[in-house]
Amino acid sequence: MTAVPPRSPWPAVAERAAAADRIYEGDPDRFEGPPSRFSDWAYPLIRSRFHLGQILELGSGPGRDARRLANVGYVVTAVDHSATAIARGRAAADTPPQLRFRRTDALTALRDTLTDSLDVVYAHAVYMMLPDDELRAVFEQVRRVLHPGGLHLWAVRSTTDPIAGQGELVAPDVWRRTPGTPPYRYFRRESIDALTALGFERVATEFPSGLHFWYIADRRP
Ligand SMILES: C[S@@+](CC[C@H](N)C(=O)[O-])C[C@H]1O[C@@H](n2cnc3c(N)ncnc32)[C@H](O)[C@@H]1O
């Protein structure tokens, strides 16, 4: 008898994108406003290595961090699977010419990117929303698209977050807080280290007090 593989708790990518659209449509100010605290941490790491360069931001939302990087001269492609978020990013009056928005999912954007072509891949608060196989494939693709010495800057929620553990446990460190919505993954030190071990060297890790986020900078050897 053939074993039936367990059903993934994650909906397909189109369904996740539709769920993101509903959230953006319900909140016109979502991820608008000043750049994130993660970008305050990440920006000096980028600047100290690449004075100018090519950056891919995954899960950019309307682009508050992408805009910050493009405004100081980086050429930035900001990708999000939410059509609503990307439309807002494109419509913003202060979008500099070297910032391009693209509506697609993270893995497709990476697969469409040339090998060794990027200085930085940047992902703030996105990888918590990816199923296991997609998360692993994203890391493999990030390694491919970065040139040696390129930076992978990523921020993910920690298992210390008081919200972790609320709702239905659907996989280790993954909970669905509200029935009918996509689940959410939280990270512990071992899980971030295991992802870095997929082909990167750790440059820096920060666990900012009170935020329940991991800030991570990895380098492609
Ligand atoms: C928590 S928000 C953060 C937005 C942005 N990084 C910021 O800090 O302003 C996560 C974003 O990731 C997007 N996202 C989630 N999964 C994605 C995927 N597989 N491909 C592309 N975007 C994705 C969501 O639509 C959402 O805009």
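So, in the range 163-221, of the ones that are basic (Lys, Arg) and either buried (at least 16 other Cβ atoms within 10 Å of the Cβ) or touching a Lys or Arg at 6+ places or on another chain (Cβ under 6 Å) (or both), which residue ends up farthest from THR115 (Cα to Cα)?
ARG176
Just checking, does the range 104-127 include any residue being closer than 19 Å to PRO28 by Cβ, surrounded by 23 or more Cβ atoms within 10 Å (Cβ to Cβ) and touching a Lys or Arg at 6+ places or on another chain (Cβ under 7 Å)?
For the range 104-127, residues closer than 19 Å to PRO28 by Cβ, surrounded by 23 or more Cβ atoms within 10 Å (Cβ to Cβ) and touching a Lys or Arg at 6+ places or on another chain (Cβ under 7 Å): absent.
Say we look at the range 13-67 and pick out the residues that are over 17 Å from the mean Cα position of the chain (by Cα) and of a type in the set (D, E, K, R); which of these is surrounded by the most Cβ atoms within 10 Å (Cβ to Cβ)?
Of everything passing the filter in the range 13-67, ARG49 is surrounded by the most Cβ atoms within 10 Å (Cβ to Cβ).
Bear in mind that the values in this text are calculations on the coordinates, not laboratory data. What you are looking at is a predicted structure, and each value in this text was computed from that prediction instead of being measured. Cβ: placed from backbone, ideal geometry, glycine included. Neighbour counts: every protein chain shown.
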